[in-house]
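What follows is a short report on a single structure.
Computed from the coordinates by the stated procedures, all read-outs in this text should not be read as laboratory data. Note that the coordinates shown come from a computational prediction; the quantities given were computed from them, not determined experimentally. Cβ atoms come from the backbone with ideal geometry, glycine included; neighbour counts cover every protein chain shown.
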Amino acid sequence: MFPMSLYITVSDVIGSYRRITERICRMGKAVRIKAYLDVIARANIESLREVGRMSDSVLTLDEVLEEIGLTAKWEARGMEKGMEKGRAENALEIARNALAQGASIDFVNKITGLDIETIKQLANKP
């Protein structure tokens, strides 16, 4: 048999839930919305969209997404994709310049990391 202190009743859980809810409610509307949206965002992005449509808050959806940290993640992902694209464009530029100066396809491959087929296509373009 377990000691009485280990038993958790439904009323204990409900009581804890009520105390947490009351604490959140005392924190103000923006905090309540943020807490609510954080839970929803973790569970279902479609529900987040619906809350945005139903909300009478002055917060925009962009502000809500910023508050729960999604905007920063998206910005970081976009930044990385942009950097990758820039590196690829830079490699192509270097390859074009090297080929124009008479460099061999193998040499261009070594200095840019581009595949041989891409370099051959660049070499055949006027």
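List, largest first, the extents of the alpha carbons of region 73-124 along their principal axes, each in whole Å.
Largest to smallest, the principal-axis extents are 43, 18, 17 Å.
For Gln101 and Glu80, what does the FRET efficiency come to when R0 = 35 Å and r is the distance between their Cβ atoms, rounded to the nearest 0.05?
The value I calculate is 0.65.
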